[in-house]
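One structure below.
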Amino acid sequence: MARIGYIVGSISSTSINRSVFEALKLNSPEGVELTEIPIAELPVYSPDFDANYPQTARDFKAEIEAADAVIVSTPQYNDSFSGAVKNAVDWSSRPWGQHSFSGKPTAVATASIAPHGGSKAGGFLAAVLEFGQAKVLETQLNVHVAEDTFDESGNFASVERRAEARDFLTAIASNAGN
């Protein structure tokens with residue numbers, strides 16, 4: 001069983017990134033368990049916390065470290081990734097030298113109403129994760145979200161997108177724990 005943690009990089013109640021993960025769960029191959037690593041309760045990072053990390057940040061770091069692999073998703077805001085994701089990565093990388101993503105197989109996913117699905121944000125996010133020595137996987141999922149992206153049950157409407165979702169998760173699972 002590959003335990004893949006995922007971070008939804010939007011804290012919006014109407015997050016399309018969250019909708020993508022709900023559809024990914026419906027297309028998860030056998031032997032893959034997806035578990036959310038929540039970020040909404042993380043305060044804005046400051047080095048003032050380094051000597052006394054809040055429990056929510058300690059729990060966040062522990063969940064990353066416990067996962068066999070991690071998917072970090074982001075919307076595309078102003079041609080980059082979200083501030084919520086940046087804050088989460090900052091928490092994961094502190095105190096200095098204790099980066100929770102170090103050596104962790106990590107994939108990037110994006111969801112956007114833009115035709116490219118947020119791929120530009122994904123590239124920037126991958127670079128930041130690589131700085132923290134995450135093992136960023138080449139496989140990336142970029143979903144252009146439109147009115148017809150999801151069906152009435154919340155799954156991807158197209159057979160092709162469902163297959164892409166399974167392939168994405170299979171590639172991550174094959175790297176889990178490596």
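General observations
- Folded to 0 to 90 degrees: helix 55-66 orientation relative to the chain principal axis, Cα: 60
- Rounded Å value of the spacing that divides the Cα centres of region 77-140 and region 1-59: 12
- Exposure proxy for Glu147, Glu138, Glu164: other Cβ atoms within 10 Å of each Cβ, ordered fewest to most, give Glu147, Glu138, Glu164.
- Between Met1 and Asp48, the C-beta separation translates, for a Förster distance of 35 Å, into a calculated FRET efficiency of about 0.35.
- The C-alpha atoms of the chain define a longest principal axis, and helix 83-92 lies at about 50 degrees to it.
- Out-of-range pairs (alpha-carbon distance over 18 Å; input Lys61/Lys86; Lys25/Lys86; Lys61/Lys104): Lys25/Lys86
- Least to most buried among Asp148, Asp167 (fewest other Cβ within 10 Å first): Asp148, Asp167
- Net length available on complete extension from Glu130 to Glu36 is 31.7 nm, with 0.36 nm assigned per residue and the Cα-Cα distance removed.
- Residue order, fewest to most beta carbons within 10 Å, for Lys104, Lys86, Lys61: Lys86, Lys61, Lys104
- By the helix-only formula, in which each DSSP H run with n ≥ 4 contributes -39500 (n - 2.57) and the sum is divided by residues, the chain has a 222 nm mean residue ellipticity of -11000 deg cm²/dmol.
- Angle between the chain longest axis and helix 159-175 axis [Cα atoms, degrees, rounded to 10]: 30
- Rounded to the nearest 0.05, the FRET efficiency derived from the C-beta distance between Gln55 and Trp96 at R0 = 22 Å is 0.65.
Read-outs throughout are calculated quantities, based only on the coordinates presented, and are distinct from any laboratory measurement. No experiment lies behind these values; they were computed from the predicted model shown. Note that each Cβ is placed from the backbone with ideal geometry, even for glycine, and that neighbours are counted across all protein chains shown.
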